[in-house]
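The values are calculated or read from the model by the stated rules, or taken from the named source; none is laboratory data. What you see is a predicted model; the values in this text were computed from it and never measured. Reconstructed Cβ throughout: ideal geometry from the backbone, glycine too, with neighbour counts over all protein chains shown.
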Amino acid sequence: MTGMDRSQLLRGALDGAVLAVTAEDDAYGYDVLRRLRGAGLAEVGDASVYGTLRRLYAAGALTSYMVPSEEGPARRYYGITDRGRVQLAEARTVWQEFSQALGALLDEKVEARA
Amino acid sequence: MTTSTIPEDVRAYLDAVRAGLGDLPSHERDDVMTDVEASVLESAEDSDVPVALRLGPPGRFAAELRAAAGLPPRADDAAAPEPVRPSLRELATRFTIAPWLRELAPLWWVARAVIVLGILAEATGTFDGNGNLPGEETRLLLPVAVVVSVALGLLRHRWRALVVALNVVCAIAAFPVGYGIAKNIREGDAFSSTQRGGAYAGAARSAPVPAAVRERRARAVALEAARRSRAENASRSRARTRAKKGRDAPRSTERRNRP
């Protein structure tokens with residue numbers, strides 16, 4: 001995607017994406033990563049996701065709890081809070097406006113106006 | 001899970017990441033690594049790709065982790081600056097253009113055609129001695145310029161950078177050209193030919209009122225004065241006639257002369 005850094009675009013949107021995943025269902029780090037990749041965000045980085053989860057937790061948008069696992073170390077699950085839901089709603093609005101405007105600009109059918 | 005079941009390369013990788021967080025307080029470091037270790041282990045089980053290849057150098061992984069977590073970068077790590085993370089709102093503001101501005105685009109296409117003609121007239125000065133476009137040429141060139149400008153605006157083309165530059169130039173020239181046009185409209189006919197003394201606006205140079213225009217005005221003033229004095233004389237002579245004839249003047253004339 002020349003001219004538009006996809007990873008930069010993603011970094012700005014990652015908070016919203018992570019909140020959306022946890023809003024669906026509580027998840028631990030790798031779980032969130034899998035679901036994001038499954039949704040089509042192939043270039044999302046592991047470290048970015050884990051770090052974002054921590055930051056959102058520190059900001060009060062997520063809660064966390066430990067779940068012991070028989071296969072390995074205990075996993076930290078994250079769940080969305082009310083504050084997180086508010087943040088998610090805002091991210092949805094901002095994204096809507098942004099993608100509409102940008103979509104109109106990039107739309108092949110609409111002639112470019114110089 | 002005991003340490004022996006963790007693959008050697010994953011163990012080494014995780015140790016390196018932990019080292020990358022070495023400047024953090026130990027409880028925070030342990031906290032972060034709890035998440036990371038469990039997730040990295042599981043991801044390693046799902047993939048055949050060696051962990052260092054899949055996740056990148058552990059130093060970079062640690063730096064990305066810190067940045068995403070909102071932690072400050074390592075004080076001694078000048079090679080890995082914190083990546084800029086624009087918020088979604090910042091990105092949205094950067095890319096959104098107010099829709100009503102796009103509605104005004106056609107107005108601008110016409111305006112820039114006029115401005116370009118104004119610039120041309122001023123720059124070439126070959127249309128007539130005063131550097132103004134005579135009326136006939138204007139009538140021909142203006143529609144052509146407008147059509148070209150609208151085409152540039154409407155059609156997709158590869159000269160977008162050029163047109164943007166043109167827009168900037170026209171925006172700057174808009175004020176002198178607009179001033180020149182307004183001046184010429186005030187002083188005379190903006191679009192008539194030079195023979196009749198009018199002039200299409202050139203540019204910032206404030207042209208003296210053309211001699212022909214002054215002549216015409218003087219003539220018009222003189223004509224008006226002559227007409228008025230004739231009318232006065234006529235009414236005065238009628239009044240004298242009435243006085244001479246006294247009350248014998250026909251009533252119909254009187255009625256006609258009354259306001």
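Here is how the numbers come out for the structure above:
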item	result
Segment A:33-60, residues that are buried (at least 23 other Cβ atoms within 10 Å of the Cβ) and more than 8 Å from chain B (Cβ to nearest Cβ)	A:L56
A:R76 being surrounded by 15 or more Cβ atoms within 10 Å (Cβ to Cβ), part of a helix (DSSP H, G or I), more than 10 Å from the chain's Cα centre (by Cα) and within 11 Å of chain B (Cβ to nearest Cβ)	no
Residues that are modelled with pLDDT of 95 or more and at positive phi, drawn from segment A:19-49	none
Among residues of segment B:154-198, those that are buried (at least 17 other Cβ atoms within 10 Å of the Cβ), modelled with pLDDT under 80 and within 14 Å of chain A (Cβ to nearest Cβ), counted	0
Qualifying residue in segment A:50-70 (condition: at pLDDT 90 or above, farther than 23 Å from B:A38 by Cα and not hydroxyl-bearing (S, T, Y))	no
Enumeration of residues in segment A:32-79 that are under 20 Å from B:A44 (Cα atoms) and in contact (Cβ under 8 Å) with a residue 40 or more places away in the chain	A:V32, A:R75, A:R76, A:Y77
Looking only at segment A:91-108, and only at residues there that are within 7 Å of chain B (Cβ to nearest Cβ) and closer than 22 Å to A:V18 by Cα, the one that is surrounded by the fewest Cβ atoms within 10 Å (Cβ to Cβ)	A:E97
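Residues checked against (1) in a helix (DSSP H, G or I); (2) farther than 20 Å from A:G45 by Cα; (3) out of contact with any Pro (no Cβ under 9 Å at 6 or more places or on another chain); (4) within 11 Å of chain A (Cβ to nearest Cβ):
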{"position": "B:D9", "(1), (2), (3), (4)": "yes, no, no, no"}
{"position": "B:G22", "(1), (2), (3), (4)": "no, yes, yes, no"}
{"position": "B:D30", "(1), (2), (3), (4)": "yes, yes, yes, no"}
{"position": "B:D35", "(1), (2), (3), (4)": "yes, no, yes, yes"}
{"position": "B:A38", "(1), (2), (3), (4)": "yes, no, no, yes"}
{"position": "B:R60", "(1), (2), (3), (4)": "yes, no, yes, yes"}
{"position": "B:R66", "(1), (2), (3), (4)": "yes, no, no, yes"}
